[in-house]
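**Q** Take this structure, written in structure tokens, and hold onto it; I'll ask about it next.
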Amino acid sequence: MTTYTTETQTGSTGQPGPWWRGAVGYEVYVRSFADSSGDGLGDLAGVTSRLEYLSWLGVDAVWLTPFYPSPGHDHGYDVSDYCAVSRRHGTLEDFDTLVSEAHGLGLRVMVDIVPNHTSIEHQWFASARRDPGGPDRDRFLWADPAPGGGPPNNWLSHFGGPAWTLDEASGQYWCHLFLPEQPDLNWRNPRVRDDFDAILEWWMDRGVDGFRVDVAHGLVKDVQLRDNPQIAPVVAGMDPFDAFDSFEHRHDMDQSENVEIFRRWSQVCAPRRAMLLGEVNAPWPDRMARYVQAGALDQAFFLQSAFLGWDPETLLTMVRVMHDAAPHGISWVLSNHDRSRPVTRFGGGDVGVRRSLAVSTLFLTLGGTPFLYQGEELGLPDGALRAGFHDPVSVRNAGATHGRDGCRTPMPWDSSTHNGFSAGAPWIDAESRPPEQTVAGQRADPGAPLHRYRDLLAVRRRHPDTWRAPLEWIEASDPRVAALRRGTIAVVANLSERTTSVRLGSPGWQAAFASQPGCRLDSPANDTVSVPAETTVVLSNDGPLAAPGVA
Ligand code: GLC
């Protein structure tokens, strides 16, 4: 296997710092990216066959969603062996080939690590259940019924119903913040901590460059298992996520001890220059920032944006507050495999594409390590399902939620059978995408979203100040406008429905990238820019650049 050796102090962009400083990542939802075997399920060899495309697009790192052995109750986020590849996704040799080919193209590889819970089929849980007095029991969270019977406390599962399931044989309940088939580990147990250190080492030995940490905010639970305060009523038939949000998660999530675990992980990963990127769902920016302080996680996703429809004022307020709480610690993302795609959330069609690109343009100039989700670069709306549900959230809560299937339909490569995803029927039954929504169709059309995203990535690479220089916000009169300067770069994100004009505070600006045509700089000073509705412009004052659509 080829190991990627890299200059310690040089990032992906050739700039000083760890590799992820200035890098842009790309989430590959492995099940739906590319299938080489024809069984309808994406696999590692399929990913390898598309690495050239990712390199052409201009991303620096690829995050692979779980491809480990799993009974698949939560599509791979229920892991039954952390150090292996599921036969359905390929082999360890396929993984090694993927890593070595990615490295050959200058792409980093990150894997998903799922530490909050295992699969019900993991041997640790099987042994814990079989032998209540045995050494594995305490790897999980067990509790006696409440005094009057029933679950030990009022915690809910994200996926509906109580977070506790009764083990008839022992009379105790096990805890699961997700499905009953995803039992939560007990992170107060030192053996659990040691096991995960070894799992991280194992993947780093295979050449991985970092980890996306699933449910990083969930690991440690209140030692007394106290009830969560309820803040809104829960009614029958409610969307399970709304039911979950009806409680303040004071005792089941975001416990202060979580950060200790990531300090320990950082000691394992930092010497090997592997990045730790957390899925952190903490309620306040200062809580989020605690996870990305020196010596803990390197970055945390900005997940709040993925929950929003088109609400520019709220979005920009959150962005400013979150940025200022952790200027280099946030991975700015607009979508992932758990949320409806932004084009759909933002109004669909050309409107949705325009708004998504405007927000992404801002996100790519905020510092941190932004990620695109597969298909985002094509301006894809959610896929249309032909029949039934696949996501366990929808299956368990029929009618109460749309679930996550729409963002998980196959990546449309071309207009051949199944959009070039697989020779066999895809695991998820969705309508084909039209040619203008495919990679091949868009590569042939210079005006397609794909080229705009590629240009944007190139501009970021060409101008390291987009992520490196200290950021100052420029006052804007409308809360739906964000404007900033960082070194030789200025950015105006006009998310309002009217043209806006912003004074940049110094002369000599040139437009480097605009998400839509129609931006104008005044003349001759070039110190004020006029930006059309729902458009973001990136300006530089270090020399003229090609800027399509900018007068
Ligand atoms: C994370 C994953 C999601 C999964 C859940 C439970 O939120 O992104 O897909 O269902 O964790 O592992």
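The values are calculated or read from the model by the stated rules, or taken from the named source; none is laboratory data. Just so you know, these numbers come straight off a predicted model, no measurement behind them. Positions of Cβ are backbone-derived with ideal geometry, glycine not excepted, and every protein chain shown enters the neighbour counts. Quick note on the areas: whole protein, heavy atoms, side chains included, nothing else; ligands and nucleic acids left out. Shrake-Rupley method; radii C 1.70, N 1.55, O 1.52, S 1.80 Å.
**Q** Using a Förster radius of 41 Å, what is the FRET efficiency between TYR53 and ALA294 based on their Cβ-Cβ separation? Nearest 0.05, please.
**A** Efficiency, rounded to the nearest 0.05: 0.70.
**Q** Within 10 Å of each candidate Cβ there may be at most 13 other Cβ atoms; applying that plus a DSSP loop requirement, which trypsin sites (Lys or Arg not before Pro) in segment 30-104 survive?
**A** Filter output for segment 30-104: ARG87.
**Q** When only DSSP loop residues count, what chymotrypsin sites (Phe, Trp or Tyr not before Pro) in segment 300-394 have their Cβ near at most 12 other Cβ atoms within 10 Å?
**A** On the way: sites: PHE301, PHE302, PHE307, TRP310, TRP332, PHE346, PHE363, PHE371, TYR373, PHE389; in loops: PHE302, TRP310, TRP332, PHE346, PHE389.
Taking segment 300-394 and a limit of 12 other Cβ atoms within 10 Å, no loop chymotrypsin sites (Phe, Trp or Tyr not before Pro) are found.
**Q** If packing is taken as the average count of other Cβ atoms within 10 Å, what order do 227-234, 89-96, 23-30 fall into, highest mean first?
**A** Numbers: 227-234: 12.8, 89-96: 18.8, 23-30: 25.8.
Answer by packing, highest mean first, reads 23-30, 89-96, 227-234.
**Q** Now, a different point. Spin-label point model (7 Å from Cα, Cβ direction): what's the ASP81 to ALA143 distance in nm?
**A** Going from the ASP81 label point to the ALA143 one covers 3.4 nm.
**Q** If you keep only loop residues by DSSP, which GluC sites (Glu not before Pro) in segment 154-223 have at most 14 other Cβ atoms within 10 Å of their Cβ?
**A** On the way: sites: GLU168, GLU181, GLU201; in loops: GLU168, GLU181.
Those satisfying the criteria are GLU168.
**Q** Once neighbouring chains are kept in place and the probe is 1.4 Å, which whole percent of the accessible area of segment 193-460 is contributed by carbon and sulfur?
**A** Whole-percent figure for carbon plus sulfur exposure: 51.
**Q** At a 10 angstrom cut-off on C-beta neighbours, averaged per residue, how do the peptides 215-226, 127-138 rank from highest to lowest?
**A** Those peptides, ordered most packed to least, come out 215-226, 127-138.
**Q** Per residue, how much accessible area does segment 102-254 have with a 1.4 Å probe, in Å²? Walk me through the numbers on the way to the answer.
**A** Details: 5630 Å² over 153 residues.
Here the per-residue accessible area is 37 Å².
**Q** Under a crude label model (7 Å from the Cα following the beta-carbon direction), how far is ASP311 from ASP350 in nanometres?
**A** My value for the distance between the label points is 2.8 nm.
**Q** Output the peptides 66-78, 420-432 sorted from most to least packed, where packing is the average of other Cβ atoms within 10 Å over each peptide's residues.
**A** 66-78, 420-432
**Q** Rounded to the nearest 0.05, what FRET efficiency do ARG188 and ASP131 give with R0 = 25 Å and r taken as the Cβ-Cβ distance? Could you check?
**A** 0.80
**Q** Here's something else I'd like to know. Per residue, what volume in Å³ does the Cα convex hull of segment 193-460 take up?
**A** 163 Å³
**Q** Which percent, nearest 5, of DSSP beta bridges in segment 193-460 are antiparallel?
**A** Of the beta bridges lying entirely in segment 193-460, close to 20 percent run antiparallel.
**Q** Using a probe of 1.4 angstrom, how much of the accessible area of segment 479-537 is carbon and sulfur, in percent?
**A** 49 percent
**Q** May I ask you to compute the full-extension gain from SER416 to ASP324, defined as 0.36 nm times their residue separation minus their alpha-carbon distance, rounded to one decimal in nm?
**A** Here the answer is 28.5 nm.
**Q** Here is a further query. Over segment 193-460, what is the mean sequence separation of C-alpha contacts under 8 Å (at least six apart), divided by residue count, expressed as relative contact order in percent?
**A** Values: 414 pairs, mean separation 37.2, N = 268.
14 percent.
**Q** With a 1.4 Å probe and every protein chain left in place, work out the accessible area per residue of segment 297-381 in Å², rounded to a whole number.
**A** 24 Å²
**Q** Which percent, to the nearest 5, of DSSP beta bridges fully inside the chain are antiparallel?
**A** DSSP beta bridges in the chain are roughly 60 percent antiparallel.
**Q** In degrees from 0 to 90, rounded to the nearest 10, what is the angle of the helix 349-363 Cα long axis to the longest principal axis of the chain?
**A** Result, in degrees: 90.
**Q** Around ARG108, with a cut-off of 11 angstrom between Cβ atoms, what is the net charge of the other residues, counting Lys and Arg +1 and Asp and Glu -1?
**A** Numbers: positive: ARG273; negative: ASP60, ASP209.
Local net charge: -1.
**Q** Something else: Can you give me the distance in nm between label points at THR499 and PHE241, each placed 7 Å from the Cα along the Cα-to-Cβ direction?
**A** My value for the distance between the label points is 3.8 nm.
**Q** Tell me the mean residue ellipticity at 222 nm calculated for the chain from its helices only (DSSP H runs of n ≥ 4, each -39500 (n - 2.57), averaged over every residue, nearest 500).
**A** Dividing the helical sum by the residues of the chain leaves -7000 deg cm²/dmol.
**Q** Let me ask something else. Please find the FRET efficiency linking GLU475 to LEU92, where r is the Cβ-Cβ separation and R0 is fixed at 51 Å, and quote it to the nearest 0.05.
**A** Using R0 = 51 Å, I get an efficiency of 0.40.
**Q** Further question: Please determine, in degrees from 0 to 90 and to the nearest 10, the orientation of helix 257-269 with respect to the longest principal axis defined by the Cα atoms of the chain, where the helix direction is its Cα long axis.
**A** 70 degrees
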